[in-house]
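Structure, as structure tokens:
FYI, it's all coordinate maths here, none of it is from the lab. What you see is a predicted model, and the numbers here were worked out from it, not measured in a lab. Cβ placement follows ideal geometry from the backbone for every residue including glycine, while neighbour counts extend to all protein chains displayed.
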Amino acid sequence: MAKKNKNQNETPESIVVLSDDMGNEVEFQVLDVIELDDTDYVVLLPLEPDEETEGNVVILQVETIDDDSGEETFIGIEDEETINAVFEIFKARLAEEFGE
């Protein structure tokens, strides 16, 4: 799921539509945008989860394609340490927000 179809600013409660590897459009709710080491990452929740994504969030790197238009794309992350670091920040923010 690498290509963002809509040009919109990611804020919590936003919905983005991405294309999967088969070209199918999949809707996600943006839960958070996290900056780590001068790179932005987005934490997404599939609106219609399947067996693979049920109960899981998706973390992707945000890359700006065009500074003038603000057009962005999302890139898969292969580095487990980065994924874990972003997820830990996300969990800490949730705990802070909900007091857990």
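If you plug each phi of segment 88-97 into the Karplus form 6.51 cos²θ - 1.76 cosθ + 1.60 with θ = phi - 60°, what whole-Hz ³J(HN,Hα) values come out, in order, with x for Gly and Pro?
5, 4, 4, 4, 5, 5, 5, 4, 5, 5
Sort Phe87, Phe98 by Cβ crowding within 10 Å, fewest neighbours at the top.
Lowest to highest Cβ neighbour count: Phe98, Phe87.
Given [x] 46, 28, 25; [y] 37, 34, 26; [z] 58, 29, 23 as candidate values of Cα extents along the principal axes in Å, which corresponds to the one derived from the coordinates?
Only one listed value fits the structure, namely [y].
Taking H as built 1.01 Å from N, whose amide H comes closer than 5 Å to the amide H of Ser14, not counting residues under 5 places away?
Val30
Can you list residues whose amide H is under 5 Å from Ile77's amide H, if they're 5+ apart or on another chain and H is modeled 1.01 Å from N?
For Ile77, whose amide H was placed from the backbone, the distant partners under 5 Å are Gln61.
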